[in-house]
Amino acid sequence: MRTQVAIIGAGPSGLLLGALLSKAGIDNIIVERQSGEYVLGRIRAGVLEQVTVDLLDEIGVSQRLHKEGLVHGGFDLLFAGKRHRIDMNHLTGGKNVVVYGQTEVTRDLMDDRAAKGLTTIYEADNVQVHDFEGSNPRVTYDKDGKSHTLACDFIAGCDGFHGVCRASVPKGAIKEFEKVYPFGWLGILADVPPVSHELIYANTERGFALCSMRSPTRSRYYVQVPLSDKVEEWSDDRFWKELRLHLDPQAQESLVTGPSIEKSIAPLRSFVAEPMRFGRMFLAGDAAHIVPPTGAKGLNLAATDVKYLGDAIVEHFAEKSDADIDHYSQRCLRRIWRAERFSWWFTSLMHQFPEAGGFGQKVQEAELDYLIHSEAASRALAENYVGLPLNFGE
Ligand code: APR
Ligand code: PHB
């Protein structure tokens, strides 16, 4: 088998890249380790920046997003028992975010790919990438008891943090930067109306909590937990009691509880691999970087990697120019580090860090106080939250 671009991984990065390339007439095949249902079963964040919405518009997969997505012009910060609204729309001169679950983005992209008859090979075992430093890269995998070879011009490593692409690069050719946080987020999804019409990010002495949503009838809530906690130790009842203790009196009153339809603990990590290109193989999305979820930058960063990569590959085939391919890694990393900085800062501001001691606690309180009383500080938060423009600083 032969294709122009072999894409490893059918998460949001791989599906978005496949759609962008197909739209430009570039042949691609996605090879995914799991089944489609498994991919859709993973619950992740759900806040889309305008650049992500623009990309979904560009590839023509945004009809449902515009119908069902919830446009948010602000969010609340809750600390010292009170809520303070960050009016993103006002502070950024009219910008918003759209609340629409990553699962739904993935479903829309999968449906579109299936409707166009584009090839995705699910449940591929033992996926391996070869010869990407030369001019004839290949992907091999096993499926239904047979070995297969996919020859290609380029390999796109969209295979997430635990994927095979980054792991196949010789150790000396890649540099990794990592920060692991001493806590995780326990999250639940429940078919109950959200406690508020916008998101609430709370920092209390019990730790961080987030009130988010998927629709007017489906809520997503999180609380900070020690890494040693196991999800089995958290009954729904215990979760709701804990969440309530993080809320202000008005939110406590409007909180509607119900049975969870998903419950899991996610550790928090900041991670970047440099560079993101190795000859004819590129990394994109979680394969190259992870942000802690505070601020919901993960999917949006994946989308901008893909936009840069897709356009660069289109330019290669259409104009025979490698200028953007050569610039890909540097261009992405600049944007990634800005988002890493923001996600680390917002995480540091909103969580309890026992090892920071009394001094750390007081500095955090002072920063929150400054943030809500200084328009300049609120604007810096809002500007980063809605997402910096694609060509920022270029
Ligand atoms: N072979 C083939 N597929 C693989 C392999 C492999 N060896 N290893 C992993 N995969 C697949 C995974 O099963 C998964 O479906 O690659 C896909 C990677 O998807 P994601 O982990 O969702 O990563 P990405 O598409 O970059 O999406 C980024 O997802 O994790 C969130 O916060 C992140 O929102 C961001 C988005
Ligand atoms: C979510 O809805 O899952 C979500 C929203 C905002 C975040 C993180 C997660 O910052």
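The values are calculated or read from the model by the stated rules, or taken from the named source; none is laboratory data. Note that the structure is a prediction, hence the values are computed from the model and not measured. Cβ: placed from backbone, ideal geometry, glycine included. Neighbour counts: every protein chain shown. Quick note on the areas: whole protein, heavy atoms, side chains included, nothing else; ligands and nucleic acids left out. Shrake-Rupley method; radii C 1.70, N 1.55, O 1.52, S 1.80 Å.
A few notes on this one:
- Every listed requirement among (1) modelled with pLDDT under 95; (2) open to solvent by 50 Å² or more (accessible area, probe 1.4 Å) is met by R107 save one, (1).
- Scanning the stretch 230-273 for residues that are open to solvent by less than 60 Å² (accessible area, probe 1.4 Å) and of a type in the set (D, E) turns up D236, E242, D248, E262.
- L333 vs. criteria surrounded by 22 or more Cβ atoms within 10 Å (Cβ to Cβ), under 18 Å from the mean Cα position of the chain (by Cα) and part of a helix (DSSP H, G or I): no
- Within the stretch 203-228, the set of residues being surrounded by 14 or more Cβ atoms within 10 Å (Cβ to Cβ) and either more than 12 Å from ligand 2 (Cβ to nearest atom) or of a type in the set (F, W, Y) (or both) comprises N203, T204, R206, G207, F208, Y221, Y222, V223, Q224, V225.
- A count restricted to the stretch 184-194 and to residues that are outside any strand (DSSP E or B) and either open to solvent by less than 10 Å² (accessible area, probe 1.4 Å) or away from ligand 2 (no atom under 13 Å from the Cβ) (or both) stands at 3.
- Applying the condition of being open to solvent by 10 Å² or more (accessible area, probe 1.4 Å) and within 16 Å of ligand 2 (Cβ to nearest atom) to the stretch 12-46 and asking which residue is modelled with the lowest pLDDT yields I43.
- Of all residues in the stretch 274-293 being buried (at least 24 other Cβ atoms within 10 Å of the Cβ) and part of a loop (DSSP other than H, G, I, E, B), the one that is farthest from ligand 1 (Cβ to nearest atom): M276
- Residue within the stretch 210-217 that is out of contact with any strand residue (DSSP E or B) (no Cβ under 8 Å at 6 or more places or on another chain), over 20 Å from V99 (Cβ atoms), away from ligand 1 (no atom under 16 Å from the Cβ) and outside any strand (DSSP E or B) present: no
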